[in-house]
Amino acid sequence: GKVGVDITPEQAKEAARITGISLLSTIKAEIGDLNKVKRIVKVLGMVNAVPTFDQQPKVINGFSDLMVEVFGENGKHARSAVGVASLPSNIPVEIEMIVELKE
């Protein structure tokens, strides 16, 4: 749903955390072991929100905080958090990430 109409910022932050769990699951399926992740490099977080919503960084913190929980200092990353008018299937959050793997 859209933040500010269908869901609260707190619910969107939880959606960002769940998105992070899903992305970690996808990474693990691809590389076999999350211990192969050297660091999280860059994240783009998009928040489906009303035009007046200005707390995109707080929403994407749900994702970023999870990465630090999982990877410690190596989970800290460069990040952009932006608001968008809509996302596919009216999801509240979409996140893409760049991950560096160990040799």
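The values are calculated or read from the model by the stated rules, or taken from the named source; none is laboratory data. Not measured: the values here are computed from a predicted model. Glycine gets a Cβ as well: all are built from the backbone with ideal geometry, and neighbour counts include every protein chain shown. Protein only, heavy atoms only, side chains kept; ligands, DNA and RNA dropped before computing areas. Shrake-Rupley method; radii C 1.70, N 1.55, O 1.52, S 1.80 Å.
Restricting attention to the stretch 59-74, does a residue exist that is open to solvent by less than 40 Å² (accessible area, probe 1.4 Å), in a strand (DSSP E or B) and closer than 13 Å to ALA16 by Cα?
No: zero hits.
Name the one entry in GLY83, GLY62, GLY75 that is touching a helix residue (DSSP H, G or I) at 6+ places or on another chain (Cβ under 6 Å) and within 11 Å of VAL41 (Cα to Cα). Spell out how you get there, then give the answer.
Numbers: GLY83 fails: within 11 Å of VAL41 (Cα to Cα); GLY62 fails: within 11 Å of VAL41 (Cα to Cα).
Exactly one of GLY83, GLY62, GLY75 is touching a helix residue (DSSP H, G or I) at 6+ places or on another chain (Cβ under 6 Å) and within 11 Å of VAL41 (Cα to Cα), namely GLY75.
For the stretch 1-39, give me the residue count where each residue is buried (at least 18 other Cβ atoms within 10 Å of the Cβ), in contact with a Lys or Arg (Cβ under 8 Å, 6 or more places away or on another chain) and touching a residue at least 60 places away in the same chain (Cβ under 8 Å).
1
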